[in-house]
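Chemist: Let me begin by handing over the structure; questions about it come next.
The values are calculated or read from the model by the stated rules, or taken from the named source; none is laboratory data. As the structure is a prediction and not an experimental result, all values here were calculated from the model. Positions of Cβ are generated from backbone atoms using ideal geometry, with glycine treated the same way; all protein chains shown enter the neighbour counts.
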Amino acid sequence: MSILDLPQEVVALAFELAITECGIGHLPVFALVCKDWHLLVKHTPRLWGIIDFSRSNGHVKKQLQRAKAAPLSLAFPKNAWGEYSFTHERRSPIFDLAHNWVKAELYVDQLICVHKRSALPNLEVLTLSSPCSLSLSEAEAFFEDDSGGLPHNKIHSFTASALPREWIKGFLGPSIRFFRHDGMLEQGGQEVEDTHHYLSRITNAMTIELEGIRHKTTPVNQPSPIRLPHLRTLSIRNVMFTTQVLNGISAPELQTLSLDSGDAPSYSLGWGSHLIPWSCGLQGTFFTQWASQEHLPTNLHTLDLRGSCMTRDAVPFLALWLRRLPNLARLIILSDDIEFSSYPVEANLFDLLATPRWDEDTQQKQWCLPKLMYLHIETMDQVCDTLRVVRSRNGSIESNLPPARVRFVDGILCCDGAWSDWEELQTLVDHVCCLCLGCMFSRTM
């Protein structure tokens, strides 16, 4: 089957993806391939609705003419400082067609040229940033006709970068499926209660990403967890008081959890204040709460913990939690602060993964993480610890229900073990990758 035999709808979708990634300049090239593609480009207005502001005013006007009443996707251009740049003469035709916008990436001071939220009835994807301080009255004026919780809101994907809370809350509602809040390490900070309030407005979200948020204080009274029954992916990076944020939510259907303390180890709340650990590490209360029957994410298949996102005292609680995750297939732990082999057997992660335990309920030996297939651990432990886990699980005869084979092992593997350990590891799993600089460099040669 030739590519020219594909249905026109499929080809149009491929063109749309190509234009989104590479720019509208490729569209005339597609039109030169054959007559059918030429007619497709000419008579598919939505292809011209992906506005490219890097081109001249004349090109933009021609695009708008060819787009006709088709949905418009636009990303305002940025200057060398990463700031959106948009000349006044280009504003009028674009904002006059705001009712056709389906996707937009811009600053708040550009968005308010639309005047009212109701002028964007078809907007589905919004990336909004704040270049400067904004008054509360501007947000109130923009959202003033949105009583009743935005009943006609179509936005399903919202990315907020360094926005005042009024501009974040105004776009959140039950239609949101993807939410990303990037605090951009803002100086003023916000309360943990603010973040919980945002999450309480998007109970249908499937993906939530929080990054660079300097929460000022922990909540005085921990509220009842906000239930997020549809949440599948949760990513938190560089967020103060991560434990308190997580203790305020319940996501029993979660499948991927990624926590990263980032590179900043501490910060100060103000002049004369003591330095506070940036993430304040995951504490045992998180693992205890999320191990309860009501909040346990039994479908979790990926757990990714990086940096100083977990306190040493929380390790035993992590071990107890892992025992209750039957579907976890990918385990990633990167930390320079933790040495699992120094803990007692009950909290030693390698003992936990390498040895089945007797289960009183089933009256037989059970493996921790029985579906584990991908293992990536970079801690103060040795490669022989990882080898012990792989050797035990991939050659198991110790239980009636053997675990899944560990098929992928990544990490710093060649520096602290014998060459024979490295060779044996390669024979036991399908894929072994050492991530030390020397090995990574040799693979690129």
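Chemist: Looking at (1) crowded, with 20+ Cβ neighbours inside 10 Å; (2) outside any loop (DSSP other than H, G, I, E, B); (3) in contact (Cβ under 8 Å) with a residue 24 or more places away in the chain, can you tell me which one Asp304 breaks?
Modeler: (1)
Chemist: Determine, yes or no, whether Thr362 is farther than 30 Å from Asp260 by Cα and either in a loop (DSSP other than H, G, I, E, B) or of a type in the set (Gly, Ala, Ser) (or both). Working first, answer last.
Modeler: Values: farther than 30 Å from Asp260 by Cα: yes; either in a loop (DSSP other than H, G, I, E, B) or of a type in the set (Gly, Ala, Ser) (or both): yes.
Yes.
Yes/no per residue for (1) in contact with a helix residue (DSSP H, G or I) (Cβ under 6 Å, 6 or more places away or on another chain); (2) in contact (Cβ under 8 Å) with a residue 12 or more places away in the chain; (3) of a type outside the set (Phe, Trp, Tyr); (4) assigned to a strand (DSSP E or B):
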| site | (1), (2), (3), (4) |
| --- | --- |
| Phe95 | yes, yes, no, no |
| His99 | no, yes, yes, no |
| Lys103 | no, yes, yes, yes |
| Leu111 | no, yes, yes, no |
| Ser118 | no, yes, yes, no |
| Asn122 | no, yes, yes, no |
| Thr127 | no, yes, yes, yes |
| Ser137 | no, no, yes, no |
| Glu140 | no, yes, yes, no |
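Chemist: Among the numbered criteria (1) in a helix (DSSP H, G or I); (2) polar (S, T, N, Q); (3) within 25 Å of Asn299 (Cβ to Cβ), which one does Gln426 miss?
Modeler: It fails just one condition, (3).
Chemist: Looking only at the stretch 334-359, filter to residues that are polar (S, T, N, Q) and outside any loop (DSSP other than H, G, I, E, B); which one of those is farthest from Arg323 (Cα to Cα)? Can you show your working first?
Modeler: Just the residues of the stretch 334-359 that are polar (S, T, N, Q), to begin with: 335, 341-342, 348, 355.
Still in the running and outside any loop (DSSP other than H, G, I, E, B): 341-342.
Details: Ser341: 18, Ser342: 19 Å.
So the residue we want is Ser342.
Chemist: Examine the stretch 74-83 for a residue that is in a strand (DSSP E or B), under 20 Å from Phe158 (Cβ atoms), modelled with pLDDT of 85 or more and not β-branched (Val, Ile, Thr), and state whether such a residue exists.
Modeler: No, there is no match, as no residue in the stretch 74-83 is in a strand (DSSP E or B), under 20 Å from Phe158 (Cβ atoms), modelled with pLDDT of 85 or more and not β-branched (Val, Ile, Thr).
Chemist: Kindly evaluate Cys384 against the criterion of being under 27 Å from Cys434 (Cα atoms) and out of contact with any Leu (no Cβ under 6 Å at 6 or more places or on another chain). Quick ask: steps written out before the conclusion?
Modeler: On the way: under 27 Å from Cys434 (Cα atoms): yes; out of contact with any Leu (no Cβ under 6 Å at 6 or more places or on another chain): yes.
Judged against the criteria, Cys384 is a match.
Chemist: Does the stretch 312-330 hold any residues that are buried (at least 19 other Cβ atoms within 10 Å of the Cβ) and in contact with a Gly (Cβ under 7 Å, 6 or more places away or on another chain), and which are they?
Modeler: Listed by number, the residues that qualify are Ala314, Phe317.
Chemist: How do the pairs read when you match residues in the stretch 350-366 that are among the hydrophobic types (A, V, I, L, M, F, W, C) with residues anywhere that are at pLDDT below 85, using Cβ under 8 Å and keeping only pairs 6 or more apart or on different chains?
Modeler: Going by the 8 Å Cβ cut-off, the qualifying pairs are Phe350/Asp381; Trp358/Gln364; Trp358/Lys365.
Chemist: Any idea which residue in the stretch 387-414 is modelled with the highest pLDDT, counting only those that are among the hydrophobic types (A, V, I, L, M, F, W, C) and out of contact with any strand residue (DSSP E or B) (no Cβ under 8 Å at 6 or more places or on another chain)? Show your work before the answer.
Modeler: Our first condition is that a residue be among the hydrophobic types (A, V, I, L, M, F, W, C); within the stretch 387-414, this holds for 387, 389-390, 397, 401, 404, 406, 408-409, 412-414.
Add one more test, that the residue is out of contact with any strand residue (DSSP E or B) (no Cβ under 8 Å at 6 or more places or on another chain), and what stays is 387, 397, 404.
On the way: Leu387: 89, Ile397: 58, Ala404: 92.
Taking the candidates together, the pick is Ala404.
Chemist: For the stretch 255-294, give me the residue count where each residue is over 19 Å from Val315 (Cα atoms), modelled with pLDDT of 90 or more and surrounded by 15 or more Cβ atoms within 10 Å (Cβ to Cβ).
Modeler: Here the count works out to 2.
Chemist: Could you check, for the stretch 291-299, whether at least one of its residues is closer than 15 Å to Ile236 by Cβ, touching a residue at least 24 places away in the same chain (Cβ under 8 Å) and under 24 Å from the mean Cα position of the chain (by Cα)?
Modeler: First, the residues of the stretch 291-299 that are closer than 15 Å to Ile236 by Cβ: 297.
Keeping just the survivors that are touching a residue at least 24 places away in the same chain (Cβ under 8 Å) gives 297.
Still in the running and under 24 Å from the mean Cα position of the chain (by Cα): 297.
Within the stretch 291-299, one or more residues are closer than 15 Å to Ile236 by Cβ, touching a residue at least 24 places away in the same chain (Cβ under 8 Å) and under 24 Å from the mean Cα position of the chain (by Cα).
Chemist: Restricting attention to the stretch 19-44, which residues are closer than 18 Å to Arg66 by Cβ and surrounded by fewer than 16 Cβ atoms within 10 Å (Cβ to Cβ)?
Modeler: Taking the stretch 19-44 first, the residues closer than 18 Å to Arg66 by Cβ are 19-20, 23-32, 37-44.
Scanning the stretch 19-44 gives Thr20, Gly23, Gly25, His26, Pro28, Val29, Leu32, His38, Leu39, Lys42, His43.
Chemist: Only residues that are assigned to a loop (DSSP other than H, G, I, E, B) and within 23 Å of the chain's Cα centre (by Cα): list them for the stretch 311-325, please.
Modeler: We begin by selecting, within the stretch 311-325, every residue assigned to a loop (DSSP other than H, G, I, E, B); these are 311, 323-325.
Thr311, Leu325, listed by residue number.
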